[in-house]
Amino acid sequence: MGKLAGRVAVITAAADGIGAVTAETLAGEGATVVITDINVAEGAAQAQRLSEDGLAVSFQRHDVTSEDDWSRVIDATVQQHGRLDVLVNNAGIAVIASLEQETLDGWRRTQAINVEGVFLGSREAVRGMKNRGGSIINVSSIEGLIGEPLVPAYNASKGAVRLFTKSTALYCAQQGYGIRVNS
């Protein structure tokens, strides 16, 4: 039995990269993992590969910018597995564009995925965890601390994630929810 036996985790953008490794790691420690992604083909293949390795993993299509998708994913997870213990808000994008090159649409798309997705996910996870506790992990970046000249939208989004995470952690503590919130 692993350290996470009996726990249920949702991990966004887990079709590949950091999300896929996180899914494999948590499942390897005994968690039941729901991986989500907008890339259905890769997400389903990742879930199948991990399931074939004997891990408890399933896939759900999920656009992190959609309130309806967040409600559906969290509700389906709780309905199917009886609980939600861990949310990893991993989805994010970084587009290389200087301040002068960045467009308002590009800026808004980055904020929608990187910041609004974290807000929506955290809000829904708190709803699903507040009666039993849990853990929310918001993937941030050193770029949210130091800044870099060619990714201003990404820098701003990851700085927002850091401060939002602190605010959410303080709120959960104040409410006595027993939910750890880290970035």
Identify the single condition in (1) touching a residue at least 40 places away in the same chain (Cβ under 8 Å); (2) at negative phi; (3) not acidic (Asp, Glu) that Ala13 does not satisfy, given that it satisfies every other one.
(2)
Consider only pairs whose beta carbons are under 6 Å apart and that are at least six residues apart or on different chains; among these, list those whose first residue lies in segment 160-183 and is among the basic types (Lys, Arg) and whose second residue is open to solvent by less than 60 Å² (accessible area, probe 1.4 Å).
Arg162/Ser140; Arg162/Gly144; Arg180/Ser135
So which residues in segment 48-74 are open to solvent by 30 Å² or more (accessible area, probe 1.4 Å), in a helix (DSSP H, G or I) and over 11 Å from Thr36 (Cβ atoms)?
Gln48, Arg49, Ser51, Glu52, Glu67, Asp68, Ser71
Enumeration of residues in segment 78-116 that are surrounded by 11 or more Cβ atoms within 10 Å (Cβ to Cβ) and among the charged types (D, E, K, R):
Arg83, Asp85, Glu102, Arg108, Arg109, Glu116
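Does Gly121 satisfy the criteria of being closer than 22 Å to Gln174 by Cβ, surrounded by 17 or more Cβ atoms within 10 Å (Cβ to Cβ) and modelled with pLDDT of 95 or more?
In short, yes.
Among Val161, Val118, which is the only one that is over 25 Å from Thr32 (Cβ atoms), touching a strand residue (DSSP E or B) at 6+ places or on another chain (Cβ under 6 Å) and assigned to a helix (DSSP H, G or I)?
Unique residue meeting the criteria: Val161.
Which of the residues belonging to segment 10-20 are more than 10 Å from the chain's Cα centre (by Cα) and either small (Gly, Ala, Ser) or part of a helix (DSSP H, G or I) (or both)?
Just the residues of segment 10-20 that are more than 10 Å from the chain's Cα centre (by Cα), to begin with: 15-18, 20.
Ala15, Gly17, Ile18, Ala20 - these are the residues of segment 10-20 that are more than 10 Å from the chain's Cα centre (by Cα) and either small (Gly, Ala, Ser) or part of a helix (DSSP H, G or I) (or both).
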Which pairs do you get when a residue that is open to solvent by 80 Å² or more (accessible area, probe 1.4 Å), found in segment 128-148, comes within reach of a residue that is assigned to a helix (DSSP H, G or I), reach meaning Cβ atoms under 7 angstrom, with the pair 6+ apart or on two chains?
Glu148/Asn155
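Name every residue in segment 21-37 that is of a type in the set (Gly, Ala, Ser), over 12 Å from the mean Cα position of the chain (by Cα) and open to solvent by less than 40 Å² (accessible area, probe 1.4 Å), in order of residue number.
First pass over segment 21-37, keeping only residues of a type in the set (Gly, Ala, Ser): 23, 27-28, 30-31.
Then keep just the ones that are over 12 Å from the mean Cα position of the chain (by Cα); that gives 27-28, 30-31.
Ala27, Gly30, Ala31 - these are the residues of segment 21-37 that are of a type in the set (Gly, Ala, Ser), over 12 Å from the mean Cα position of the chain (by Cα) and open to solvent by less than 40 Å² (accessible area, probe 1.4 Å).
The values are calculated or read from the model by the stated rules, or taken from the named source; none is laboratory data. The structure presented is a predicted model; accordingly, all values stated were derived computationally and were not measured. Neighbour counts are summed over all protein chains in view; Cβ atoms, including those assigned to glycine, are modelled from backbone coordinates with ideal geometry. Ligands, DNA and RNA are excluded from the accessible area calculation, which covers all protein heavy atoms including side chains. Shrake-Rupley method; radii C 1.70, N 1.55, O 1.52, S 1.80 Å.
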